Amino acid sequence: MSSHGHGQDHGADNKGGAVKDVHREHDFVERLYVPAIASGMAVTIRHFFTNLFSKEKYTATVQYPDVKTPYPSRFRGMHRLVPREDGAPRCVACFMCQTACPARCIHIEAGETSDSSIEKFPVVFQIDELRCVVCGLCVEACPCDAIRMDTGFHPPPVQQRGTAQVGRADLLAFFGKGEQGTRMGAHPPPTAGGQGRIDRSEGDHGAGGARGGF
Amino acid sequence: MPELSVIIIGVISAAVGLLFPLALAGPLTWAERRQSAYMQDRIGPNRAALVIGGKEYRAFGLLHPLADVIKLITKEDTVHHSVDRFLYNLAPLISVFPALVTFAIIPFGPDLMSTAGTLALAPFANGSVPGADLLRLPLQGARLDIGILYIFAMSSLAVFGVTLAGYASTNKFALLGGLRASAQMISYEVTLGLAILGLVMAFQTLEPASMVYQQGQLLFGFIPKWGLIIQPLGFLIFMTAATAENKRVPFDTAEGESEIIGYFIEYSGMKFGMFYMAEYIEVVVISGVVTTLFLGGWQVPFLFSDGFHFPWGSMLQMSEWLVTALCVGAFVLKVLFMCWFQLTIRWSLPRFRYDQVMWLGWRVLLPLSLLNLVLTGLVILS
């Protein structure tokens, strides 16, 4: 058994117990601890002076409200409804997104349209941004590519729950990221307008139950 | 009626002795957080701002201690009904008091001499005694022949604040913390005393200013005879014991944030703040004592009362006031460096378990300090 070496384990004879007895041998220099303390402090001192004076700091902190990092290109932000050529939403009120939504934050009321190729359109299309878990399943579920989350900004903070209900008009007004100015007409800024609270007292019991898509 | 210069220098010295550690304690709370942040690759407090004319002035977070004080003073002071009110209120005061008065013994500059109406620098590092007609004015809060013993007397008093806080709180965690703190402080006081005793033997004096004067001498003609150089082991032991005295990491078992929180668990508001302040004042005091005993106090290597005398023979003439300013500046710099060093220790080392603290104190440091005494004695005798 050598007295040198770092932290050798000599606890091989484990006599049936669950506790493993570990004996570590330290040589004299290690037991002095002073060299270890010195080398440890050398690390912290190096970091201190590097972060204080050097241009290449270790610090990775982003001072958030003052400095913002760009989001990745596939960042899922606020929802939007994609319009057709004539400005009406592509949505055909098929309820796929509402069914897929695990948070049940989408509320659609369908109406009939004279266009025989679509048959239905959303009279009401509301998303409760407070309920949304930003999973993106609605985007996946949509057969018409009518709902996207490519706006690139967060749902704005709200003072009252009702104002987090974003309605059809607002959803339709949002641009996709990088799409600015490619569509006709002036659009309102991204504020959550909404059309008032939806009464969810019916059909909302037992979340994740039989009606839940996932 | 004493001379005007005596009064002026005396008032300045007393003010520095009292206010220097107090003034440094606030920025130290900022330095501690800011420095630890930089050591751990963070940024640290930097958001407290003064808004003047719509413009924010953050001053690197230096306003945080100010904000802390406002918060601590205006905070509700909750006192549990079962506490011993008198002792409970007394404990923070007893904690702060010894820390505050210890700095009086630290000389922060060379002695000044005064004859009728004039002020001059006392020659230092050659041990000459000024004439009888000259008044010697120390730049030191209080010149006591037993200055070193005074340091010990005062640091022993700090135990009472901690113990009383633990006892008067009627909280078992506070009591545990108080017990741990008192046991730890008493244990390390022995080592602390023995570590300094080596210096007392080497310098043959108990008076800090006289020690500083002797540290201006040169060993072999070119090495400053600082305490650090003639007593390296003593320095190591003293630093360790002093950190333990102050109950800071790695010896913070008395607080033990993860287990018992500590003797001040029942305190809130400025009473808690006073314990906090006492810790930082003590950091400054320890820095001052270490500077005085081991780092040559206000001495600048090769600087004498008429300028620099370099060991290779050249000389740099200086006016007496410039020399005095240089010495005081050197003292402040050394104290700041020691404060920085203590903060670095605190944020680098992992903390000891309670039994390890006791083991280190009694089984390692005490024999080491005795060995240091024996070695010092042998060197002096030979």
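A short reminder: the numbers here are calculations on the coordinates, not readings from a lab. Everything quoted here is computed from the prediction, not taken from an experiment. FYI the Cβ positions are ideal-geometry reconstructions off the backbone, even for glycines, and counts take in every protein chain you see.
Please report, to two decimal places, log10 I(q)/I(0) for the stretch B:35-122 at q = 0.12, 0.19 Å⁻¹ as given by the Debye formula with identical point scatterers on the Cα atoms and no solvent.
-0.83, -1.01
What are the lysines whose alpha-carbon lies under 21 Å from the alpha-carbon of B:LYS172, with same-chain residues fewer than 8 places away excluded?
B:LYS247, B:LYS271
For the protein assembly as shown, what is the calculated [θ] at 222 nm in deg cm²/dmol (nearest 500), taking -39500 (n - 2.57) for each run of four or more DSSP H residues and dividing by its residue count?
That comes out to -14500 deg cm²/dmol.
Can you give me the pair-distance distribution of the stretch B:1-84, C-alpha pairs, 10 Å bins, whole percents?
Bins of 10 Å from zero give 15, 26, 25, 21, 12, 2 percent of pairs.
Hey, can you grab everything whose amide H is under 5 Å from the amide H of B:LEU112? Only 5+ residues off in sequence or another chain; H modelled, so Pro and N-termini drop out.
B:ALA122, B:LEU137, B:LEU139
Identify all lysines with a Cα-Cα distance to B:LYS225 below 23 Å; exclude those on the same chain that are fewer than 8 residues away in sequence.
Those lysines meeting the cut-off are B:LYS334.
So for B:TRP312, B:TRP359, fewest C-beta neighbours within 10 Å to most, what's the order?
B:TRP312, B:TRP359
Mind checking which lysines have their Cα closer than 25 Å to the Cα of A:LYS57? Skip sequence neighbours fewer than 8 apart in that chain.
A:LYS68
Given labels modelled 7 Å from the Cα in the Cβ direction, how far is it in nm from B:VAL11 to B:LEU316?
Roughly 3.5 nm, to one decimal.
How do B:THR376, A:THR99, B:THR292 rank when sorted from fewest to most other Cβ atoms within 10 Å of their own Cβ?
Exposure proxy ranking, most exposed first: A:THR99, B:THR376, B:THR292.
Once the Cα gyration tensor of the protein assembly as shown is diagonalised, what are the square roots of 5 times its eigenvalues, in whole Å and ordered largest first, as equivalent ellipsoid semi-axes?
Taking √(5λ) for each eigenvalue gives 67, 31, 25 Å, largest first.
Can you give me the distance in nm between label points at A:VAL19 and B:ARG47, each placed 7 Å from the Cα along the Cα-to-Cβ direction?
4.6 nm
How high is the relative contact order of chain B, given as a whole-number percent (alpha carbon pairs under 8 Å, six or more residues apart)?
Reported relative contact order: 22 percent.
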